[in-house]
Every structure is written in C-alpha cells, then in structure tokens.
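First comes the structure, then the notes that go with it.
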Amino acid sequence: MPYRNLGTLPVYRKALDLCLISREIVSYVTNNKDLLHLYKSDRHRDIIADSLLTDAILIPQKIELAERSDSLSIRTSTIHHINIMTKNILSYCIGLEKDGLKEKEYLNLLREEIKIFKKSYKIWKRSL
C-alpha cells in the first residue's frame, strides 16, 4: 500500500487543529499549569482537562496508524477508537461546564471544531 503524505490529508490536518485548540483550552482552564503534570493533580477540572488533551493528542496518532497499516482489523479498531475519543471530548466539554467553567464560548468553539473534524473524518473513513 503506497503511503500518502499525512500533511496532505484533510482529516489529519483537522485532527491537528483539534489538538491545538484542545491544548489552548486546557491551558486556559487549568490556569497555565504544566500540561505534562496534570495527571498528578487532584482537582476535578484538571483531571477532565488532562483526559481531553490526551484524547485530542491520540486522534492524529490513530489516523496515522490507520493510514500506514495494511491490516483491515487495525484500521477498523482505529476507526472505532477515534469515534470513542471524539465522543469523549464532547463529554469532557459537558464535564467542564458542570465543573463551573464560565467561559462556555471556548467549549463551543471546541464543539464546532469537532463538527468540522467529523465531516472530513467521514470522507476519510470511506477511503480506507
């Protein structure tokens, strides 16, 4: 299977955009804490933010895995994992709202980014 340049894949670029906006939102909601050490925090908001960031970072990695794999089972499980992670990110937005985050426009921006990602994701899924 010839490898495509990931930078030319719209779904991969959208996944990187999703990752970037997630990182910025997490940085904001955690008051610029060291993002690599959020998992050590006992604050509920930090735990949600860490999970959000982890899933957002994993999405481009999973796209790369599916794109580079010749195995149908790996591509299928990767698609399943990406579906779960996008649903999780939307759930984390709800969790941050319930935790008292007042700046809901940032979460709405992330939700919109997920919608944009899902459009290119559906097209990409069919091409595998």
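The values are calculated or read from the model by the stated rules, or taken from the named source; none is laboratory data. As the structure is a computational prediction, the values presented were derived from the model and not from experiment. For neighbour counting, all protein chains shown are included, and Cβ atoms are generated from backbone atoms with ideal geometry for every residue, glycine included. Heads up: the accessible areas ignore ligands, DNA and RNA and are worked out on the full protein's heavy atoms, side chains in. Shrake-Rupley method; radii C 1.70, N 1.55, O 1.52, S 1.80 Å.
Observations
- Restraint check, Lys62/Lys119; Lys62/Lys115; Lys40/Lys122; Lys62/Lys102; Lys62/Lys98; Lys40/Lys115, Cα-Cα greater than 27 Å: Lys40/Lys122; Lys62/Lys102; Lys62/Lys98; Lys40/Lys115
- Dipole magnitude of the chain, debye to nearest 20 (Cβ charges: Lys/Arg +1, Asp/Glu -1, about Cα centre): 520
- Distance in nm between pseudo-label sites at Ser41 and Gln61 (7 Å out along the Cβ direction from Cα): 2.0
- Calculated FRET efficiency, Lys125 to Glu24, Cβ-Cβ distance, R0 = 22 Å: about 0.25 to the nearest 0.05.
- Fluctuation leader among Lys87, Lys98, Lys118 - the chain, Gaussian network, Cα springs under 10 angstrom: Lys98
- Excluding same-chain neighbours fewer than eight residues apart, the aspartates and glutamates reachable from Lys33 by a Cα-Cα span under 15 Å are Glu24, Asp42, Asp46, Asp50.
- Here's the picture: charge each Lys and Arg Cβ at +1 and each Asp and Glu Cβ at -1 in the chain, and of Leu109, Leu52, Trp124 the one pushed furthest to the positive end of that dipole is Trp124.
- Computed on protein heavy atoms with a 1.4 Å probe, the accessible areas place Thr76, Thr86 in the order Thr76, Thr86, largest first.
- Entry for Rg and Dmax of the Cα atoms in Å (calculated from the structure that is shown) out of [x] 15.2, 48; [y] 13.2, 37; [z] 16.0, 53: [x]
- Taking label positions 7 Å along the Cα-Cβ direction at both Lys87 and Ser71, the computed distance is 2.3 nm, reported to one decimal.
- Legend: calculated FRET efficiency, Arg4 to Lys115, from the Cβ-Cβ distance at R0 = 25 Å, rounded to 0.05, equals 0.55.
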